[in-house]
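The values are calculated or read from the model by the stated rules, or taken from the named source; none is laboratory data. Keep in mind it's a predicted model, so treat the numbers as computed, not measured. Using ideal geometry, Cβ is built from the backbone for each residue, glycine included, and neighbour counts are taken over all protein chains shown.
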Amino acid sequence: MKLIVGLGNPGAKYERTRHNAGFRTVRAFHTLHIEAFDGWKRKFDAEIAEGRIGDGKVALMMPQTFMNLSGDAVIQAAHFWQIAPADIIVVYDELDIPLGNIRIRTGGSAGGHNGVKSVLERLATQDVPRIRIGIGTERAETVPAEDFVLERFSPDEETKVAAAIETAAKALDAMLSEGVDAASRLYGK
């Protein structure tokens with residue numbers, strides 16, 4: 001079984017903010033495979049959809065604990081379904097990557113992202129596959145990070161991030177069928 005976790009903050013107030021790129025990507029993936037998944041339900045302090053992609057069972061997760069406690073929801077699901085960290089894919093926004101680019105990797109540090117830090121701490125490893133969606137702009141250099149990530153995208157930025165989210169959803173398909181390295185070659189910029 002694979003668990004795909006989109007990081008973000010719950011509620012309408014945060015719906016289209018930079019910090020919710022992970023939620024948006026998981027929703028886009030769900031839409032691509034709408035026939036494969038059941039409806040969203042509340043479980044493990046998260047919104048969960050379960051289904052099958054190809055021969056494998058997949059669960060989609062959007063933690064409802066707020067960003068800094070995302071690991072609490074992830075560890076509940078990992079224990080319940082007995083999912084190894086290598087079978088958990090985390091999707092999130094990345095301030096240090098240019099807007100609209102995505103990067104895929106098998107592990108590494110949280111890089112200052114508190115949601116990722118929470119997940120890695122709770123799983124007790126840095127070896128967790130991930131897709132990072134670039135939200136960085138020149139403006140990010142002049143605005144405190146904690147304020148910048150909670151802003152909404154401008155119309156021009158929204159066009160770029162929407163394309164990145166679509167690409168990230170396709171990259172999730174490749175990660176499931178071909179692995180992290182193949183997905184990185186195909187979709188990482």
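Scanning the range 163-189 for residues that are surrounded by 15 or more Cβ atoms within 10 Å (Cβ to Cβ) and small (Gly, Ala, Ser), which turns out modelled with the lowest pLDDT?
So the residue we want is Gly188.
Taking the range 136-174 as the region of interest, how many residues are touching a His at 6+ places or on another chain (Cβ under 8 Å) and either closer than 14 Å to Val91 by Cα or of a type in the set (Val, Ile, Thr) (or both)?
Going through the range 136-174 one residue at a time, the tally reaches 1.
Does Ala84 meet the test of being over 15 Å from Ala21 (Cα atoms) and modelled with pLDDT of 95 or more?
yes
Of the residues Gly100, Gly39, only one is free of Cβ contacts under 8 Å to residues at least 12 places away in the same chain and either within 14 Å of the chain's Cα centre (by Cα) or in a loop (DSSP other than H, G, I, E, B) (or both); which?
Gly39
In the range 129-177, what residues are closer than 22 Å to Gly54 by Cβ and of a type in the set (Val, Ile, Thr)?
Matches in the range 129-177: Ile131, Thr167.
Conditions tested, residue by residue: (1) touching an Asp or Glu at 6+ places or on another chain (Cβ under 7 Å); (2) charged (D, E, K, R); (3) closer than 16 Å to Leu150 by Cα.
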residue	(1), (2), (3)
Gly22	yes, no, yes
Gly39	no, no, no
Lys43	no, yes, no
Ile75	no, no, no
Ile83	no, no, no
Leu95	no, no, yes
Ile104	no, no, no
Gly115	no, no, yes
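For the range 124-162, give me each residue that is in contact (Cβ under 8 Å) with a residue 60 or more places away in the chain, within 14 Å of the chain's Cα centre (by Cα) and either within 13 Å of Gly188 (Cα to Cα) or surrounded by fewer than 18 Cβ atoms within 10 Å (Cβ to Cβ) (or both).
Across the range 124-162, the qualifying residues are Ile131, Ile133.
Any idea which of (1) surrounded by fewer than 18 Cβ atoms within 10 Å (Cβ to Cβ); (2) out of contact with any Pro (no Cβ under 9 Å at 6 or more places or on another chain) is the one Leu69 doesn't satisfy?
Status for Leu69: all satisfied but (2).
With the structure loaded, tell me whether Ala110 is over 13 Å from Gly22 (Cα atoms), of a type in the set (A, V, I, L, M, F, W, C) and part of a loop (DSSP other than H, G, I, E, B) or whether it fails that test.
Judged against the criteria, Ala110 is a match.
When you scan the range 17-32, do you find a residue that is assigned to a loop (DSSP other than H, G, I, E, B) and of a type outside the set (A, V, I, L, M), even just one?
Checked against the condition, which is being assigned to a loop (DSSP other than H, G, I, E, B) and of a type outside the set (A, V, I, L, M), the range 17-32 yields no hits at all.
Filter the range 131-153 down to the residues that are more than 19 Å from Gly115 (Cα to Cα) and touching a Lys or Arg at 6+ places or on another chain (Cβ under 9 Å) and list them by number.
Phe153
Yes or no: the range 105-117 includes at least one residue that is of a type in the set (Ser, Thr, Tyr), in contact (Cβ under 8 Å) with a residue 24 or more places away in the chain and in contact with a helix residue (DSSP H, G or I) (Cβ under 7 Å, 6 or more places away or on another chain).
yes
Quick test for you: out of Thr65, Thr31, Thr17, Thr25, pick the one residue that is at pLDDT 95 or above and of a type in the set (Val, Ile, Thr).
Thr25
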